[in-house]
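I have placed the structure first, in the form of structure tokens, so that the comments after it can refer back to it.
Read-outs: derived from the displayed coordinates by stated rules, not from any lab. Computed from a predicted model, the values in this text were never measured in an experiment. Cβ placement follows ideal geometry from the backbone for every residue including glycine, while neighbour counts extend to all protein chains displayed.
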Amino acid sequence: MGRIILLDELTANKIAAGEVVERPASVVKELVENSIDAGSSRIEISIVDGGLSMLSVSDNGLGMDAGDARLAFERHATSKISSAADLDAIKSLGFRGEALPSIAAVSRLTLKTRMREKVSGIEVVMEGGKLKSISETGCPVGTIVEVYDLFFNTPARKKHMKSPAAEAGVVSEVINRFAMGYPEISFQLKNNERIILKTTGKGELIEGIAAVHGLAAAREMLAVKVDTAATRVRGFIGKPSLSRAGRTHQTIYINGRFVRNRGITEAVERAYHSMLMVGRHPVFVLNISIEPEEVDVNVHPAKTEVRLYRAQSLEDLITSAVSVALAENCLIPSAQEDRVPVKAPWASITEEVRQEEWKISYLDLARQESGEFQPVSISEQPEISEYVKQPENTDAEDPVNIADEKGQQNSGYPGFPDLRPVAQIDCTYIVAQGEDGMYLIDQHAAHERILYEKYMERPEVFVASEQELFTETIQLTFQESQVLYDNIINFSDLGFVIEHFGGESFLLRGVPAGTSKNGGREIFLDLLDYFSHNRATITGKALREKFLITMACKNAIKANHKLGLPEMESLLGRLAKTRNPYTCPHGRPTMIHFSGYDLEKRFKRVV
Ligand code: ADP
Ligand code: MG
């Protein structure tokens with residue numbers, strides 16, 4: 001007897017559900033996609049307990065007749081394609097005919113639908129994938145799908161759900177994306193009966209951005225436009241000052257489909273080249289329309305990745321459009337020009353932004369930390385002849401306590417090479433002579449490591465004792481606000497003084513001692529950004545550690561920052577004394593070693 005059997009349809013649907021229906025947010029995503037495909041201009045979503053006890057999506061789209069409403073729950077039943085050839089040019093969001101049967105397999109589901117020309121509608125009730133009833137009913141034109149008790153019959157899956165607040169956060173992120181991708185559709189999202197997002201559907205992308213990211217952020221966005229015969233791009237990019245620590249505020253749609261695409265992300269970031277500090281990423285929303293034949297959407301179970309057939313030319317187009325938007329909007333007052341030699345028209349603005357950031361955010365801390373570097377005036381341009389500069393010439397603004405450093409030279413990291421700096425490359429890397437050959441040290445990474453360990457030893461430095469109090473309103477995304485609710489104690493333990501102001505608005509009234517108001521605020525937002533997109537559970541310890549890493553990163557000397565030899569020496573001496581001198585707190589290397597033998601081999605002195 002053979003061992004292979006054909007699975008019955010119920011089991012097959014449950015298996016498919018494992019792929020398509022990961023959590024309430026994926027159900028919402030599939031249902032909203034169906035509503036969009038049905039040509040709706042208004043879509044309302046409601047969730048209770050993060051969508052686990054109830055979620056519903058109602059639309060004013062085409063609706064279905066009785067036959068279709070029943071057929072929609074069959075596997076591979078779709079009105080969107082009719083043959084494999086259609087897969088080559090998909091114009092709709094759905095096409096596999098899997099969503100409704102998969103969702104129905106793991107929930108109790110009611111679908112009500114009515115077509116415009118019909119006097120009454122149809123109600124289909126499903127439970128665990130089985131048809132319970134189908135009947136005529138009165139309902140508005142369009143379709144309403146209500147999903148109760150998601151995963152009631154798949155307890156293993158249910159166990160993996162996070163708190164209702166966290167699941168609600170993911171749902172809101174999904175709806176945010178739709179709201180920005182479809183400004184011509186009016187969206188409303190209710191969480192436990194409270195409206196948390198509403199867009200008018202008047203077709204203005206910037207309005208969607210404001211609804212999602214807040215008005216203040218929307219004001220800092222610049223329009224991007226591309227029109228060629230086959231490509232149309234509409235979007236908004238954040239000014240460099242709006243940058244974030246992560247890439248989660250980057251949103252790309254290709255033919256109305258939210259996708260993750262590394263090539264396009266990099267194409268946008270290329271245009272910001274040198275405008276952002278290390279580790280910062282621009283905020284942007286891009287709606288890209290190309291011929292459906294140019295993109296394969298059938299490459300990913302959740303359809304969030306696509307393959308582009310002419311990626312390179314699209315990426316080039318985007319880089320140049322973003323560059324133009326930045327150049328047009330970041331025009332420099334001419335007085336700046338003789339101070340800073342500019343390659344690109346916006347380069348000096350960048351320097352200005354950097355200088356401002358230093359000034360407003362971190363200078364306070366740098367001052368407190370007497371042993372740390374003081375920021376040098378950035379208007380002073382790096383010199384190529386850096387390496388011949390004598391120690392006496394060191395800028396007076398750059399005091400480094402060399403004597404102090406020398407005094408403690410004894411307790412080094414075992415095996416750490418004895419390094420003598422000889423030069424700086426690109427104002428970013430230190431070249432040092434070691435016992436065996438040459439070392440290249442990343443000055444930012446090295447300083448980050450030093451500060452991080454120092455802060456870990458004395459975290460109390462940052463905890464509030466006498467804070468300067470102020471009041472600043474902060475508008476968070478729904479997801480960020482959920483993270484904050486769940487962790488308000490941990491944030492206040494760090495020294496942030498926060499009050500709820502209503503909805504997703506909060507008042508920031510104090511920041512940890514040792515951070516300035518703006519610096520503290522930025523770190524606060526970065527932490528929320530990080531934790532609202534990282535599936536890791538937040539503990540007080542994790543938050544504190546991330547806080548200290550962020551502080552170390554912000555306060556560490558940056559790339560493109562000229563150092564004198566004594567400063568380099570001091571930096572290397574202190575690196576030698578850390579517990580983990582070879583990586584920065586993010587895990588990147590602090591140095592690269594070229595041994596004498598490596599050098600000889602490269603010069604073919606040995607074979
Ligand atoms: P797919 O979207 O891949 O076609 P689904 O299982 O999501 O598969 O939906 C099956 C079919 O049900 C769709 O092709 C569509 O014809 C119909 N349908 C689903 N939702 C709606 C809706 N909100 N309005 C109108 N028709 C719908
Ligand atoms: Mg679908």
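Any idea what the dipole of the stretch 181-241 comes to, in debye rounded to 20, about its Cα centre with Lys/Arg Cβ at +1 and Asp/Glu Cβ at -1? Working shown, then result.
On the way: 9 positive and 6 negative charges, 11 e Å.
Charge dipole of the stretch 181-241: 60 debye, to the nearest 20.
Per the Kirkwood formula on distinct C-alpha pairs, the Rh of the stretch 133-188 is how many angstrom? Don't jump to the answer; show the numbers that get you there.
On the way: mean 1/r = 0.0685 Å⁻¹.
It works out to 14.6 Å.
Could you work out the local net charge near Met161, counting Lys and Arg as +1, Asp and Glu as -1, over the other residues with Cβ closer than 9 Å to its Cβ? Could you put the intermediate results ahead of the total?
Numbers: positive: Arg23, Arg157, Lys158, Lys159, Lys162; negative: Glu167.
Summing Lys and Arg as +1 and Asp and Glu as -1 gives +4.
Taking 2.2 N^0.38 Å as the expected size of a compact globular protein, what ratio does the Cα radius of gyration of the stretch 1-94 give against it, to two decimals?
On the way: Rg = 16.0 Å, N = 94, 2.2 N^0.38 = 12.4 Å.
So the Cα radius of gyration is 1.29 times the expected 2.2 N^0.38 Å.
Under 24 Å between alpha carbons, and skipping anything fewer than 8 positions from Lys554 in its own chain: which lysines qualify?
The reachable lysines, counting only those whose Cα sits under 24 Å from Lys554, are Lys239, Lys359, Lys454, Lys517, Lys541, Lys546, Lys562, Lys577.
Cβ neighbours within 10 Å, averaged per peptide: list 41-51, 76-86 in order, most packed at the top. Present the calculation step by step, with values, prior to reporting the outcome.
Working: 41-51: 21.5, 76-86: 12.4.
Order by mean packing, descending: 41-51, 76-86.
Relative contact order of the stretch 200-308: what whole-number percent is it, with Cα pairs under 8 angstrom and at least 6 residues apart?
On the way: 161 pairs, mean separation 29.5, N = 109.
Relative contact order comes out at 27 percent.
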